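See structure below.
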Amino acid sequence: MRLALYGGTFDPVHHGHLVLARDALEELELDRVVFIPANLSPHKLATSPAPAALRREMLAAAIADEPGFALDDSELQFAGPSFTIDTVERVRATYPDAQIYYLIGADNVRDLHTWRRIDELRRLVEFVVFGRGDAAGQAPDQFRTLSRRIDISATEIRRRVARGASIRYLVPEPVRSIITSHQLYQDPTPSTPNR
């Protein structure tokens with residue numbers, strides 16, 4: 001089995017996440033891309049994401065009709081920050097013979113050395129970096145890179161919602177409905193971008 005784990009706060013999940021996950025599914029010839037929403041990112045402890053249950057609901061709605069995508073909400077069960085190594089060890093125990101990739105954005109590469117037990121983590125997974133389709137968004141040579149230019153960010157979506165602008169076409173319609181019905185992101189001071 002060939003799995004890719006795609007972690008982040010997904011606050012909210014948007015079409016950029018989904019397009020990149022589809023690229024990974026096809027280009028890496030994966031059996032499945034597993035989205036893993038974090039309860040709290042250890043690199044974003046100063047920010048407060050939308051409630052975990054609503055981020056999970058948005059993610060489940062966004063991938064509902066995609067057979068190559070799956071949701072693992074195990075990190076949402078923890079009260080504190082989620083660490084990638086813990087999740088990867090659990091997945092590795094469940095799928096001991098799987099080839100496991102871990103998908104990250106190019107903006108996370110510079111801080112990768114700060115991730116908990118990074119040397120061990122690099123032995124357990126192959127990191128694949130989502131580049132931005134330009135030289136600035138390329139990862140160092142030691143990482144496989146999938147490049148596509150997508151200018152959508154969760155930060156931009158939260159800001160647009162806060163100022164009453166449309167987010168149509170930026171997020172799947174079921175995600176937009178959840179944001180609207182729960183009045184998410186009404187605070188005019190948005191948090192930092194997703195990992």
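Can you confirm whether the stretch 97-106 contains a residue that is within 30 Å of Ser181 (Cβ to Cβ) and at pLDDT below 95?
The initial filter retains those residues of the stretch 97-106 that are within 30 Å of Ser181 (Cβ to Cβ), namely 103, 105.
Those left that are additionally at pLDDT below 95: 105.
There is at least one residue in the stretch 97-106 that is within 30 Å of Ser181 (Cβ to Cβ) and at pLDDT below 95.
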Could you list, in sequence order, the residues of the stretch 161-195 that are in a loop (DSSP other than H, G, I, E, B) and at pLDDT 95 or above? Arg163, Gly164, Ala165, Ser166, Ile167, Tyr169, Leu170, Pro172, His182, Gln183, Leu184, Tyr185
Only one of (1) open to solvent by 50 Å² or more (accessible area, probe 1.4 Å); (2) of a type in the set (D, E, K, R); (3) within 12 Å of Gly7 (Cβ to Cβ) does not apply to Glu75, and that is (1)
When the stretch 1-19 is checked residue by residue, the ones that are open to solvent by less than 30 Å² (accessible area, probe 1.4 Å) and more than 8 Å from the chain's Cα centre (by Cα) are Leu3, Ala4, Leu5, Asp11, Pro12, His14, Gly16, Leu18
How many residues of the stretch 75-99 are in contact with a strand residue (DSSP E or B) (Cβ under 8 Å, 6 or more places away or on another chain) and aromatic (Phe, Trp, Tyr)? The answer is 1
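Residues of the stretch 82-104 being open to solvent by 20 Å² or more (accessible area, probe 1.4 Å) and either farther than 21 Å from Ala52 by Cα or not basic (Lys, Arg) (or both), which ones? I'd like the intermediate steps shown before the answer.
Of the stretch 82-104, the ones open to solvent by 20 Å² or more (accessible area, probe 1.4 Å) are 83, 86, 89-90, 92-97, 99.
Residues satisfying the conditions are Phe83, Asp86, Glu89, Arg92, Ala93, Thr94, Tyr95, Pro96, Asp97, Gln99.
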Residue within the stretch 163-180 that is without any contact (Cβ under 8 Å) to a residue 40 or more places away in the chain, under 19 Å from the mean Cα position of the chain (by Cα), buried (at least 20 other Cβ atoms within 10 Å of the Cβ) and over 26 Å from Glu57 (Cβ atoms) present: no
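Return yes when Arg144 is open to solvent by 80 Å² or more (accessible area, probe 1.4 Å), modelled with pLDDT under 95, among the basic types (Lys, Arg) and in contact with a strand residue (DSSP E or B) (Cβ under 8 Å, 6 or more places away or on another chain) and no when it is not.
Yes: the conditions hold for Arg144.
The values are calculated or read from the model by the stated rules, or taken from the named source; none is laboratory data. From a predicted model like this one, the values you see are computed outputs, not experimental measurements. Glycine gets a Cβ as well: all are built from the backbone with ideal geometry, and neighbour counts include every protein chain shown. Surface areas here come from the heavy atoms of the whole protein model, side chains and all, with no ligands, DNA or RNA. Shrake-Rupley method; radii C 1.70, N 1.55, O 1.52, S 1.80 Å.
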